[in-house]
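Read through the structure below, which is laid out as structure tokens, and then see the notes.
The values are calculated or read from the model by the stated rules, or taken from the named source; none is laboratory data. Note that this is a predicted model, so its numbers are computed, not measured. When we count neighbours, we look across all protein chains shown, and the Cβ atoms used for this are built from the backbone with ideal geometry, even at glycine. Ligands, DNA and RNA are excluded from the accessible area calculation, which covers all protein heavy atoms including side chains. Shrake-Rupley method; radii C 1.70, N 1.55, O 1.52, S 1.80 Å.
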Amino acid sequence: MRPLALILALAAATPLQAASTHPTAKVLEVMRENGCRLDVSRAEEALSAHDLRPEDVSAVTNSWAEQGVAGLDGPTFEIAPAICGAHGLAPEDTAGRADALYDYVRLNGCRVVEEEAQIKLRPAGFTQAETPDLIARLVDQGCAHQEDPYVIAIGDAC
């Protein structure tokens, strides 16, 4: 993804509406609904359906771009697996879903306690049934290790 230089195009496409109390969550929801990629020409339609104001969209997307987790790829705005989670990935794409889980855990402090897993992983598109297998895959690859009650990601970012 290249840096987000033209994010105002996304914001300008959204009509002014009532302020959201959680714009980040709403923008994330829109992105996940669209497989974590949104054609800028469809931004107005997608974002206005969630009552997002242009300044809120701009603040959220610029923040993500500054963190290196979002940007424009031609006419498409996309978010990284670290915040997308498993959305947009086929259920049978075990390797992709394991990579997305690794990125997601790294972004969320490099560890997830079992009690947090239900709260954090389900909205990110990971199912309770698949998560143990994805964790085992990451452990087998040496990408993560597990110590009860944590899943701890290892790597440069942790």
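Which residues, taken from region 23-57, are under 13 Å from C84 (Cβ atoms), open to solvent by less than 60 Å² (accessible area, probe 1.4 Å) and in a helix (DSSP H, G or I)? If the condition is that a residue be under 13 Å from C84 (Cβ atoms), open to solvent by less than 60 Å² (accessible area, probe 1.4 Å) and in a helix (DSSP H, G or I), then V27, L28, V30, M31, R32 are the ones that fit.
Each residue in region 108-119 was checked for being buried (at least 16 other Cβ atoms within 10 Å of the Cβ) and without any contact (Cβ under 8 Å) to a residue 40 or more places away in the chain, and 3 of them qualify.
When Q128 is tested against (1) modelled with pLDDT under 85; (2) loosely packed, with under 12 Cβ neighbours inside 10 Å, exactly one condition is not met: (1).
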